[in-house]
Amino acid sequence: MTARSLRDIPAVEKVVTELGRCDLPRPVVVALVRRELSAMRAGKNVPDFAAVLARVRASVDDLRLSKIQPVINGTGIIIHTNFGRAPLGPDVLESLSAIAQNYSNLEYDLTGGERGHRGSYLEQNLALLCGAEAATVVNNCAAALVLTLRHFTTKKREVIISRGELIQIGGGFRIPDILEASGAKLREVGTTNKTTLDDYARAVAADTAMILKVHRSNFFMGGFVESPSTESLATLARAKRIPLVQDLGSGAIIATEKATAIEHEPTPSETLKRGVDLVCFSGDKLLGGPQAGIIAGKARHVAALKREPFFRALRCDKLILAALQTTVDLYLSGETSAVPALAMMQLSSDQLRERAGKVIARLQELPLRAEIGEGKAQIGGGTLPRSTIPSVTLDFPAEEPAAFAARLRRGTPPVIGYIAAGKFKLDLRTIFSRQDDELVTALRFAAQSS
């Protein structure tokens, strides 16, 4: 690099000033500009000022898009892990706002005027909702499983689990890895497709700490398969004086087949009635609440888990507890229609088709072809893998659907759909009706900036 080219690199302040206002704190923008200019300084060629500015603008825009922000979900996946799983409804938002901007009785007993216990009201109602003797909450389902394993494997180490249940969940996390992280010793029984009650019985030994069942919520097995009933496994566990724990994963509270025409998902209540000692499941999947790991079952086991020193490291903050408390109260009050994830499942195709027609009517003046199409919405979040719900889509047979999709992703708010049969598609089941105005604005902007 010559002395002349070094002088061609603009000053940081000049670039920042030329960028103008953007939705990022000034120190963040300054640091980004410095990094970009340093990268240019290390290179062999320095572009002209316009090119420098364009490169920095692109980096600023990329950084802006990485902020957590609302998006319009047109994928048709109701519980979308990448989009924050279950959305929260107005009742939950109201409780979050009240707790967030005020002091609260998080650990204060208003009756006695002294220190109280965190989440006692929620735990009581969770137990009632799950048909359990007791319940508690940690920050996610993986944490619930780790806590349970650490507790039961303090003296004895082996955890018996079927080879057909050594599943991998989202993000590459695997049940065997979680078991090892807890300090437990894995004792695999059966085969991938067939595990019998005798397989479990033969594996029980002096070092057996517990039997673990993991619900295959994110995949299914068919054909030449076998696994013992929960009732028979519970009988075996009682006879051997060892606990039986089941990770339900998605944690449906109501009968899913009654909510809409999808398959049945085991509930905590029915699982505990079958003899399981403890169940754990996620709060932000089929329950439709915030991220949390819920543990329910025998009171003595729940109390022991709460005495574990590790429990404090996994406990939820006031906002999660408030959101979950409101969600649970909605179920107990019979107001499940106020849970957005459940409400989305129950929307009729006629309702969606009417909305689609109104949106398309508002796009008539644009150079943008739009049609009403059909889709199949999914539950998502690693739940009910065989279930789909007939849905209605907005179809855009654009010449370059990938480029159109990219423009929508970079809008405010970002709009995400999918491409099928050469068309860009937006499934209206997962787009809130209150977002229709924003959706129309985003579509207009993407069409006009092509």
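Mind listing whichever residues of the stretch 412-421 are loosely packed, with under 15 Cβ neighbours inside 10 Å and either under 22 Å from Ile389 (Cα atoms) or touching a His at 6+ places or on another chain (Cβ under 7 Å) (or both)? Before the answer, list the steps.
Restricting attention to the stretch 412-421, the residues satisfying the condition of being loosely packed, with under 15 Cβ neighbours inside 10 Å are 412, 419-421.
Correct list: Ile419, Ala420, Ala421.
From (1) touching a residue at least 12 places away in the same chain (Cβ under 8 Å); (2) assigned to a helix (DSSP H, G or I); (3) not aromatic (Phe, Trp, Tyr), pick out the condition that doesn't hold for Asp437.
(1)
If I ask for residues that are acidic (Asp, Glu) and at pLDDT 95 or above, which ones from the stretch 6-60 would you list?
To start, the set of residues in the stretch 6-60 that are acidic (Asp, Glu) comprises 8, 13, 18, 23, 36, 48.
Correct list: empty.
One line per residue, one yes/no per condition, for (1) at pLDDT below 95; (2) of a type in the set (Val, Ile, Thr); (3) part of a helix (DSSP H, G or I); (4) under 25 Å from the mean Cα position of the chain (by Cα):
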{"site": "Leu321", "(1), (2), (3), (4)": "no, no, yes, yes"}
{"site": "Gln325", "(1), (2), (3), (4)": "no, no, yes, yes"}
{"site": "Val328", "(1), (2), (3), (4)": "no, yes, yes, yes"}
{"site": "Ser337", "(1), (2), (3), (4)": "yes, no, yes, yes"}
{"site": "Arg353", "(1), (2), (3), (4)": "no, no, yes, no"}
{"site": "Leu366", "(1), (2), (3), (4)": "yes, no, no, no"}
{"site": "Arg369", "(1), (2), (3), (4)": "yes, no, no, no"}
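If a residue must be part of a loop (DSSP other than H, G, I, E, B), under 17 Å from Pro268 (Cα atoms) and not acidic (Asp, Glu), how many such residues does the stretch 131-175 contain?
We begin by selecting, within the stretch 131-175, every residue part of a loop (DSSP other than H, G, I, E, B); these are 131-133, 139-140, 153-157, 166-167, 169, 173.
Next cut, under 17 Å from Pro268 (Cα atoms) only: 131-133, 140.
Restricting the remaining residues to those that are not acidic (Asp, Glu) gives 131-132, 140.
Here the count works out to 3.
Consider Glu188 carefully, then state whether it is outside any strand (DSSP E or B) and under 26 Å from Ser282 (Cβ atoms). Reasoning before the result, please.
Working: outside any strand (DSSP E or B): no; under 26 Å from Ser282 (Cβ atoms): yes.
For Glu188, the condition - outside any strand (DSSP E or B) and under 26 Å from Ser282 (Cβ atoms) - is not met.
Determine, yes or no, whether Thr196 is over 25 Å from the mean Cα position of the chain (by Cα) and assigned by TED's automatic domain parsing to the domain that holds Ala237. Before the answer, list the steps.
Details: over 25 Å from the mean Cα position of the chain (by Cα): yes; assigned by TED's automatic domain parsing to the domain that holds Ala237: yes.
Judged against the criteria, Thr196 is a match.
Residue-by-condition table, conditions (1) in contact with a strand residue (DSSP E or B) (Cβ under 8 Å, 6 or more places away or on another chain); (2) closer than 24 Å to Ala142 by Cβ:
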| position | (1), (2) |
| --- | --- |
| Glu308 | no, yes |
| Arg312 | no, yes |
| Arg315 | yes, yes |
| Gly334 | no, no |
| Ala338 | no, no |
| Arg362 | no, no |
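Please find, among Leu106, Leu110, Leu129, the residue that is at pLDDT 95 or above, over 26 Å from Pro385 (Cα atoms) and under 27 Å from the mean Cα position of the chain (by Cα). Let's see the steps before the verdict.
Working: Leu110 fails: under 27 Å from the mean Cα position of the chain (by Cα); Leu129 fails: over 26 Å from Pro385 (Cα atoms).
Criteria check complete, one pass: Leu106.
Please find, among Arg407, Arg429, the residue that is within 22 Å of the chain's Cα centre (by Cα), buried (at least 17 other Cβ atoms within 10 Å of the Cβ) and outside any strand (DSSP E or B).
Answer to the selection: Arg429.
Being charged (D, E, K, R) and within 23 Å of the chain's Cα centre (by Cα) is the filter; apply it to the stretch 375-404 and report the residue that is modelled with the lowest pLDDT.
The residue in question is Arg386.
Every residue in the stretch 339-351 that is assigned to a helix (DSSP H, G or I) and either β-branched (Val, Ile, Thr) or in contact with a Leu (Cβ under 8 Å, 6 or more places away or on another chain) (or both), please.
Taking the stretch 339-351 as the starting set, the residues that turn out to be assigned to a helix (DSSP H, G or I) are 340-346, 349-351.
Pro340, Ala341, listed by residue number.
Return only the number of the condition from (1) of a type in the set (Ser, Thr, Tyr); (2) under 24 Å from Gln325 (Cα atoms); (3) touching a Ser or Thr at 6+ places or on another chain (Cβ under 9 Å) that Ser97 does not satisfy.
Here Ser97 meets the rest and fails (3).
Per-residue answers, yes or no, for (1) surrounded by fewer than 24 Cβ atoms within 10 Å (Cβ to Cβ); (2) in contact with a helix residue (DSSP H, G or I) (Cβ under 8 Å, 6 or more places away or on another chain); (3) within 24 Å of Pro87 (Cα to Cα); (4) not β-branched (Val, Ile, Thr):
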| residue | (1), (2), (3), (4) |
| --- | --- |
| Ala205 | yes, no, no, yes |
| Ile211 | no, yes, no, no |
| Ser232 | yes, yes, no, yes |
| Asp247 | no, yes, yes, yes |
| Leu272 | yes, yes, no, yes |
| Gln291 | yes, yes, yes, yes |
| Arg300 | yes, no, no, yes |
| Pro309 | yes, no, no, yes |
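Filter the stretch 163-200 down to the residues that are surrounded by 15 or more Cβ atoms within 10 Å (Cβ to Cβ), of a type in the set (Gly, Ala, Ser) and over 18 Å from Arg216 (Cβ atoms), then identify the one that is modelled with the lowest pLDDT.
Ser182
Condition first: at pLDDT 95 or above and either under 20 Å from Ala377 (Cβ atoms) or of a type in the set (S, T, N, Q) (or both). Can you find one or more residues in the stretch 291-314 that meet it?
For the stretch 291-314, residues at pLDDT 95 or above and either under 20 Å from Ala377 (Cβ atoms) or of a type in the set (S, T, N, Q) (or both): present.
Would you say Lys318 is more than 24 Å from Pro268 (Cα to Cα) and in the same structural domain as Gly275 (by TED's automatic domain parsing)?
The answer is yes for Lys318.
Tell me the residue from Ile68, Ile79 that is assigned to a loop (DSSP other than H, G, I, E, B), touching a residue at least 40 places away in the same chain (Cβ under 8 Å) and among the β-branched types (Val, Ile, Thr), please.
Ile79
Scan the stretch 171-178 and give yes if some residue there is farther than 22 Å from Ala206 by Cα and aromatic (Phe, Trp, Tyr), otherwise no.
From the stretch 171-178, those farther than 22 Å from Ala206 by Cα are 171-175, 177-178; that's our starting set.
Now drop any that are not aromatic (Phe, Trp, Tyr), which leaves 173.
Yes, some residue in the stretch 171-178 is farther than 22 Å from Ala206 by Cα and aromatic (Phe, Trp, Tyr).
Suppose we filter Leu128, Leu122, Leu96 for residues that are in the same structural domain as Ala252 (by TED's automatic domain parsing), surrounded by 20 or more Cβ atoms within 10 Å (Cβ to Cβ) and assigned to a helix (DSSP H, G or I); which single one remains?
The match here is Leu122.
Has the stretch 144-152 got any residue that is without any contact (Cβ under 8 Å) to a residue 24 or more places away in the chain and either among the charged types (D, E, K, R) or closer than 14 Å to Gln325 by Cα (or both)?
Taking every residue of the stretch 144-152 in turn, none turns out to be without any contact (Cβ under 8 Å) to a residue 24 or more places away in the chain and either among the charged types (D, E, K, R) or closer than 14 Å to Gln325 by Cα (or both).
I'd like the full set of residues that are loosely packed, with under 11 Cβ neighbours inside 10 Å and part of a loop (DSSP other than H, G, I, E, B), limited to the stretch 44-65.
Lys44, Asn45, Asp48, listed by residue number.
The values are calculated or read from the model by the stated rules, or taken from the named source; none is laboratory data. Model, not experiment: these values are computed from the prediction. All Cβ positions, glycine included, derive from the backbone under ideal geometry; neighbour counts span all protein chains shown.
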